[in-house]
Amino acid sequence: MPSPARDDLRRLHFINSLFASVTGQDLYLANQIKEAIAFSLTELETQTAEHPEFAAKYDAAFTAAAARLLGQFFGTQPNHGFYHWDAASSQISATPLFARDELMRGLKHLAPFPQSTLLVTNLRPALLPPDRRETPKRLREYEDTLAFLRDLAAARTTPSANLNLLFL
């Protein structure tokens, strides 16, 4: 189990990469955003400290809160599109056929924007569930799905568009 300090650092880099256009890669500003999100999840964070088994639930809530905040931020930007796909939204979402459908829906939504962000969350937990053993086959399927999604996004995005593809 990762240490709490390592988890905190991972969340800080997560926020810094998501909000790079806002923070300008300033970790102090990223830390303020992270702290604001963490403050909104105070009760769950307290429960996590008291009960480490809630850590995965806290991470999922933190990621969801950051995705909502990012969606609200990009919703106010007229030239920047945003689309969020949660790969764990259903049991079949992360399978290649449904992943392709979801990603294509997102790319169609982002097509009119010169700059856009496509956020993919929970792909790893969907394909490599924490309650199941991480086998070489499952790991290979996860890596193949990552490569497939990257290639699909590259093939279906116009060369003049600036697409940020984020996997969390």
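Within the same chain, lysines fewer than 8 places from Lys57 are excluded, and of the rest, those with a Cα less than 20 Å from its Cα are Lys34.
Kindly report, to the nearest 10 Å², the accessible surface of Glu35 as traced by a 1.4 Å probe over protein heavy atoms only. Its heavy atoms expose roughly 90 Å² to the probe.
Do any trypsin sites (Lys or Arg not before Pro) in segment 97-133 lie in a loop, going by DSSP, with at most 13 other beta-carbon atoms within 10 Å of their beta carbon, and if so which? Display every interim value, and only then the final one.
Working: sites: Arg100, Arg105, Lys108, Arg132, Arg133; in loops: Arg132, Arg133.
Here the sparse-neighbourhood loop sites are Arg132, Arg133.
When the convex hull of its Cα atoms is viewed from all sides, segment 72-146 shows a mean projected area of 5.6 nm². Taking 20 Å as the straight-line reach from the Cα of Lys108, the aspartates and glutamates in range (excluding those fewer than 8 positions away in the same chain) are Asp86, Asp151.
The values are calculated or read from the model by the stated rules, or taken from the named source; none is laboratory data. These figures come from a predicted structure and were not determined experimentally. Cβ sites come from the backbone with ideal geometry, for glycine too, and all protein chains shown count toward neighbours. Only protein heavy atoms, including side chains, enter the accessible area calculation; ligands, DNA and RNA are left aside. Shrake-Rupley method; radii C 1.70, N 1.55, O 1.52, S 1.80 Å.
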